[in-house]
């Protein structure tokens, strides 16, 4: 077997772990609950157990593994491996994650932002293979992002680059969870889509969504919007289209700024297929300069739910080999 690296995708709900070979094969993988309520030590216990499980499944030992890569939620310092205070991991304050996990496993460990890992995973072995410059947007509760420029992740001086969800798309717009107003993710995320739906319903729009959520708009979900569209609900279709237009507006700025060869979208929203992608592409193309718009392909992720864990492994391998 070629050299292997272990990737860990640390989320607030689940820890996903995989053994990945240097020739980009996913050898074995594991997923288990994060146990975030137990604090940093409990989460690291889960991570250690998951690493041991994938190593056993892949029949490799410590000497066979060149590095462990962890994709962790921010804020964090990717160079030191310190995770500061991620919202979905209670009790985490300046946790020296890379150092602690190296002590537990005996393997060189690197920590990167989880969205950056997903981006690099798609660049390394997914939808971004063969390009030099690309962007990735994770469409979920918010909008995460990653940018690769000429084969290198764009991290920024302080490691805070590529916060794509906090591009400003509307002056005096909706309040964002970050505290600012008019952020991209306040319109183009699942949360933004639901806010668009709720605003419409509160303004008297007729839709089966009202009955689907039992007239409690706090229970409205993205899945309900998709189900309503499938049943022919015109308002739900408008909500999805409006969200796609906002996504196209934000992506047009990325196209003009970065001239990427690909813009890769991942997350649960992309299950909507062309209902989502078609207006995104039309809007982004219309609002971008002609040359970069013609260059940029807007495509779904190629690795599915594995982009983060494969990307964590790929980032660790690159850093271990001294390529950044």
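Just so it is clear, none of the values below were taken in a lab; they were calculated from the coordinates. Everything quoted here is computed from the prediction, not taken from an experiment. When we count neighbours, we look across all protein chains shown, and the Cβ atoms used for this are built from the backbone with ideal geometry, even at glycine.
For this structure, a couple of remarks:
- Along its principal axes, region 1-157 has C-alpha extents of 39, 38, 26 angstrom, given from the largest down.
- Segment residue 88..residue 199, full-extension length gain: 37.2 nm, with 0.36 nm per residue of separation and the alpha-carbon distance subtracted.
- Footprinting exposure proxy for 37, 122, 242, 99 (fewest neighbouring C-beta atoms within 10 Å first): 37, 99, 242, 122
- Ellipticity estimate at 222 nm from DSSP helix runs (n ≥ 4, -39,500 (n - 2.57)) divided over the chain, nearest 500: -12500 deg cm²/dmol
- Against the main long axis of the alpha-carbon atoms of the chain, helix 190-202 sits at an angle near 20°.
- Inter-probe distance in nm under a simple model that places probes 7 Å from Cα toward Cβ, at residue 275 and residue 323: 3.9
- The length gained by stretching the chain between residue 52 and residue 206 to full extension, at 0.36 nm per residue less their Cα-Cα distance, is 50.1 nm.
- Computed over every Cα-Cα pair of region 100-168 and binned at 5 Å starting from 0, the pair-distance distribution P(r) comes out as 4, 16, 24, 20, 16, 12, 7, 1, 0 percent.
- Cα-projected label distance for residue 66 with residue 181, points at 7 Å along beta-carbon direction, nm: 5.1
- Relative frequency of Cα-Cα separations exceeding 20 Å in region 1-67, percent: 26
- Extension gain, residue 149 to residue 234, is 26.6 nm, computed as 0.36 nm per intervening residue step minus the present C-alpha separation.
- Grouping the Cα pair distances of region 136-223 into 10 Å bins from zero gives a pair-distance distribution of 16, 37, 28, 12, 6, 0 percent in increasing distance order.
- Antiparallel bridges, percent of DSSP beta bridges restricted to the chain (to nearest 5): 60
- In plain terms, if you count all Cα to Cα distances in region 130-302 and split them into 5 Å steps from zero, the share in each step is 2, 9, 17, 21, 19, 15, 9, 5, 3, 1, 0 percent.
- Take every Cα pair under 8 Å whose residues are at least 6 apart in sequence, average their separation, divide by the length of the chain, and the relative contact order is 20 percent.
- Label point distance in nm, residue 132-residue 37, each placed 7 Å from Cα along Cα→Cβ: 5.1
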